[in-house]
Amino acid sequence: MWYSRYGFYPLFTQFPIRSTRSPQTFMFATPYTLDGRAHGELSQQYKRKTIITVANSFPYVKTRVPILSRREVVLTPIEVAIEDIRKKTAELCAAVHQEPPDTKILQMVLQGCIGTTVNQGPMEVAHVFLSELFLGQQLTDLQNKLKICFKDFSKKCLDALKKNRTLIKPDQSEYQKELEKNYQRFTDRLKPLFSGRQSQALTLSKR
C-alpha cells in the first residue's frame with residue numbers, strides 16, 4: 001500500500017488527512033454508525049481514527065512513499081462526546097489567551113458554545129450520556145470523565161465571558177448580557193454537574 005501527499009490510494013481519497021506529531025505520521029478520522037450511516041444520534045455516533053506511518057518525511061522528492069505501519073482507534077459514542085467537549089474547551093482557552101486579544105474570534109467561539117441556537121448541543125450531550133447523574137445514580141469511569149470535561153468547559157466559558165466583558169464597546173453591552181443569560185441558563189440546567197464549591201465558583205460577578 002502506498003501513501004500520497006494528496007490522499008490514500010485507492011480507498012481513502014475522499015477523507016481529509018492531517019499530520020500528527022511528525023511529518024512521517026498522519027491521521028484521519030471517519031465518523032460512522034453501526035447501521036452503516038456516517039452520522040446518527042449522539043448515542044449512535046462512533047468515530048474511527050486511522051493512523052499511518054510512512055517511510056519518508058514530507059515534503060519528499062517523491063509524491064508517493066510506502067506505508068510502514070497502520071493502526072486504527074475506535075471511539076465509542078461517549079468517547080466522541082468527550083473529545084468534542086475537550087475541543088470546544090481548547091478553543092475557548094485559546095481565544096481567551098490570544099495576544100493581542102481578538103474580540104471577533106472570542107465572540108465567535110463564545111457564540112458557538114453558549115449561543116441560543118447551539119446551547120442545546122452541550123445540553124443534549126449531558127442528557128444523553130449523563131442521565132444517571134440527574135437521576136442520582138452512580139456513573140461509569142467514562143461518564144465521570146465527561147462530567148469533569150463539562151466542569152472545565154463551563155469554567156472556560158465563564159473566563160471567556162469575563163474577558164469579553166473587558167473588551168466590548170458600549171454598543172455591545174446588550175449582546176454581552178444575552179451571552180451571560182445563555183450561560184446562566186446553561187449552568188442552571190446542569191446543576192447536578194456543578195455541586196458544592198464548583199457551583200458557587202461558576203457565578204458571574206457583577207460588573
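Neighbour counts of other Cβ atoms within 10 Å put Thr53, Thr63, Thr187 in the fewest-to-most order Thr63, Thr53, Thr187. By other beta-carbon atoms within 10 Å, ranking Glu72, Glu83 with the fewest at the front produces Glu72, Glu83.
Derived scalar couplings between HN and Hα for segment 68-74 equal 7, 8, 8, 9, 10, 10, 9 Hz in order, rounded to whole Hz, by the Karplus curve 6.51 cos²θ - 1.76 cosθ + 1.60 (θ = phi - 60°), x for Gly and Pro.
Can you tell me the length gained on complete extension of the stretch Thr25 to Arg48, counting 0.36 nm per residue apart and subtracting the Cα distance? Numbers along the way, then the final one.
Numbers: separation 23, 0.36 × 23 = 8.28 nm, distance 1.64 nm.
Net length gain for the segment: 6.6 nm.
Just want to confirm a number: the relative contact order over segment 79-201, from Cα pairs under 8 angstrom separated by 6+ residues, in percent. It rounds to 36 percent for segment 79-201.
Would you kindly state how much longer the chain becomes between Phe58 and His39 on full extension, computed as 0.36 nm times their sequence separation minus their alpha carbon distance, in nm to one decimal?
Values: separation 19, 0.36 × 19 = 6.84 nm, distance 3.22 nm.
Roughly 3.6 nm would be gained on extension.
Hand me the trypsin sites (Lys or Arg not before Pro) from segment 26-99 located in a DSSP loop with no more than 13 other Cβ atoms within 10 Å, in residue order please.
Details: sites: Arg37, Lys47, Arg48, Lys49, Lys62, Arg64, Arg70, Arg71, Arg86, Lys87, Lys88; in loops: Arg37, Lys62.
Within segment 26-99, the qualifying trypsin sites (Lys or Arg not before Pro) (loop, at most 13 other Cβ atoms within 10 Å) are Arg37, Lys62.
Note on segment 79-201: the C-alpha convex hull projects to 7.6 nm² when averaged across all orientations.
Each residue of segment 76-83 was assigned a 3J(HN,Hα) from its phi angle through the Karplus curve 6.51 cos²θ - 1.76 cosθ + 1.60 (θ = phi - 60°); the sequence is 6, x, 5, 5, 4, 5, 4, 4 Hz, with glycine and proline shown as x. Of all aspartates and glutamates in the structure, those lying under 20 Å Cα to Cα from Lys156, and not within fewer than 8 positions of it along the same chain, are Glu83, Asp84, Glu91, Glu99, Asp102, Glu124, Glu178, Glu180, Asp188. May I ask you to derive the FRET efficiency for Glu72 and Leu139 from their Cβ-Cβ distance with R0 = 30 Å, giving the value to the nearest 0.05? Efficiency for this residue pair is about 0.60.
For segment 154-165, 3J(HN,Hα) computed residue by residue from phi via the Karplus equation (6.51, -1.76, 1.60; θ = phi - 60°) reads 5, 5, 5, 4, 5, 4, 5, 5, 5, 5, 4, 4 Hz, glycine and proline entered as x. Counting other Cβ atoms within 10 Å as a rough exposure proxy, the listed residues Thr140, Thr103 run Thr140, Thr103 from fewest neighbours to most.
Any read-out appearing in this document is the output of simple, stated calculations on the displayed coordinates, not a laboratory observation. Not measured: the values here are computed from a predicted model. Heads up, the Cβs are rebuilt from the backbone with ideal geometry, glycines too, and the neighbour counts pull from every protein chain shown.
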